[in-house]
Amino acid sequence: MTVNTSINQRPVEQIPLSIRWLLAPVFILIQFVNTLAMGVIFAVSTVLSLAQVLLNWLPGYAVLNRGCHDLYHDLVQILADRCLKDPRDEPILAAVIGLTLTALPVFIAQLWLNEINYYLVFVFYSFIYGANISGFVRSFSAMHQDGHLKGGALKGDSLFEKWTGSSFVYSYLAIARGIIPHAVAHGQQHHRENTSLQDVYSTSDYDHSSVWDFMRYMVNEVMYQQFMITPYLYFKKLNYKEQAWSMIAGNLVYMTLFGLLAWYNWQIALLYMALPWFATNFLMGVIHWTQHTFYGGQKDEKNYLYNTTTILEKPVNFLNEGYHACHHHWKCRHWSEAPALFQDIQDEMKANESIVLKDLSSMDLFLLLMLKRFDAMAKKLVWWEDISHEEKVTILKNRVKPVKFSAVQKNDDKHWEVA
């Protein structure tokens with residue numbers, strides 16, 4: 001396959017049009033299945049959310065739940081002090097242990113039965129995704145932060161990372177959600193290009209309030225990202241051989257595990273690996289869509305402060321993920337320092353008209369965008385000066401529009417290297 005390597009094209013456009021036309025029906029079919037799988041997960045999450053509401057009505061439940069939560073993290077902190085490079089990363093270890101003590105035993109029980117038990121399937125999805133998709137958010141954030149640490153959060157070198165490009169902790173959390181490991185693509189591609197034209201994960205070409213544009217993005221770009229095709233081409237073009245190989249290795253690890261499970265029992269492979277992978281494709285598209293939403297009117301293609309969404313307060317700030325502009329401003333700063341960094345760069349964010357919202361989740365923002373609920377979004381917008389509600393609505397409507405960048409600026413590598 002001959003690849004067009006023009007730097008004035010988006011990475012996916014460097015794939016010959018004939019190949020993209022050939023793959024389009026396949027990716028359309030996958031996106032259809034992605035949506036169905038996400039419907040299944042959403043149904044499970046809704047049931048769990050309703051159960052959580054009912055439990056919160058019970059006298060003393062909230063206090064008991066908080067006490068168990070605090071006790072668990074206190075116990076994990078003892079272990080974190082011993083085995084983590086930075087004890088502040090205790091929530092990452094807590095996410096790994098929590099997954100191991102909940103979803104893994106269910107999966108082992110399913111393997112032992114060697115026939116599908118739908119009660120176990122429901123419990124497995126409950127642990128993996130949780131009420132309000134909180135389980136996915138927790139593990140995704142832990143995986144994300146671990147992926148920014150050379151060798152991962154655990155002390156010592158990671159042989160697994162040398163083989164695949166991702167630490168064992170990252171891959172363990174990723175595989176449980178069907179995400180093909182892509183720590184290198186995220187850290188050394190997305191953060192290097194910072195949402196510019198050459199960023200594989202950029203959504204600048206799309207109207208972020210359009211359902212049609214979101215579906216086009218899923219088919220035309222997200223599936224190439226999930227299979228690591230466009231990240232591989234990016235690294236190959238720059239002759240970064242180790243990074244390019246890690247894109248292949250990540251695929252091989254996941255596909256080998258899936259193949260072994262399918263050989264043992266194809267139904268278990270379908271429900272415990274394939275369906276989570278399809279659902280996670282959809283969720284990853286939502287994450288990319290909402291973390292960098294507000295491109296409209298952007299002049300400088302490298303201005304990540306302009307297009308990056310900051311979401312403050314609950315329910316989305318596990319590991320301070322909501323401070324996404326701060327994360328792009330200096331990705332090697334520890335996640336616990338994000339609130340202080342947010343205060344430090346207020347003037348820069350104001351000068352760049354950075355969008356700050358409060359009290360939303362990524363899924364909330366996505367739904368508001370798809371429903372074109374600009375009025376509701378405007379109520380959540382924290383603007384840099386005193387303006388009317390109608391002016392906030394106008395700003396948001398303009399900022400969700402697509403933008404075309406015509407020139408590629410020289411890369412600034414100071415933010416690139418993984419800490």
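Values computed for the structure shown
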| read-out | value |
| --- | --- |
| Sparse-neighbourhood loop sites, trypsin sites (Lys or Arg not before Pro) in region 256-339 - DSSP loop, at most 10 other Cβ within 10 angstrom | K299 |
| Neighbour cut-off at most 16 other Cβ (10 Å), DSSP loop, chymotrypsin sites (Phe, Trp or Tyr not before Pro), region 327-408 | W330, W383, W384 |
| Sequence-distant residues sharing a close amide H with L357 (under 5 Å, placed H) | T310, I311, L312, V382 |
| Cα lying deepest toward the dipole's positive end in the chain, options L93, T394, Q298, charges on Cβ | Q298 |
| Gaussian network model of the chain, springs between alpha carbon atoms under 10 Å - residue of Y172, Y72, Y323 with greatest fluctuation | Y72 |
| Hz values of 3J(HN,Hα) by residue in region 292-309 - Karplus curve (6.51, -1.76, 1.60), Gly and Pro given as x | 9, 10, 9, 7, x, x, 5, 9, 8, 5, 8, 7, 5, 5, 6, 9, 8, 8 |
| Highest-fluctuation residue, A37, A376, A274 considered, GNM on the chain with Cα pairs under 10 Å | A376 |
| Kyte-Doolittle mean at least 0.5 and Cα axial length at least 30 Å: DSSP H helices in the chain | 17-56, 90-113, 241-264 |
| Three-way shape label, region 98-157, alpha-carbon gyration tensor, a/c 1.5 | oblate |
| Rounded FRET efficiency, nearest 0.05, which uses the C-beta distance separating V53 from L252 and R0 of 51 Å | 0.75 |
| Residue with peak Gaussian network fluctuation, the chain [Cα springs, cutoff 10 Å], from L238, L283, L261 | L238 |
| Cut-off under 5 Å, modelled amide H: who pairs with H292 long-range | T309 |
| Three-way shape label, the chain, alpha-carbon gyration tensor, a/c 1.5 | rounded |
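The numbers here are math on the coordinates, done by the rules we state, and not lab data. Every value quoted in this text rests on a predicted model; they were computed, and no experiment measured them. Glycine also receives a Cβ, built like all others from the backbone with ideal geometry; neighbour counts cover every protein chain displayed.
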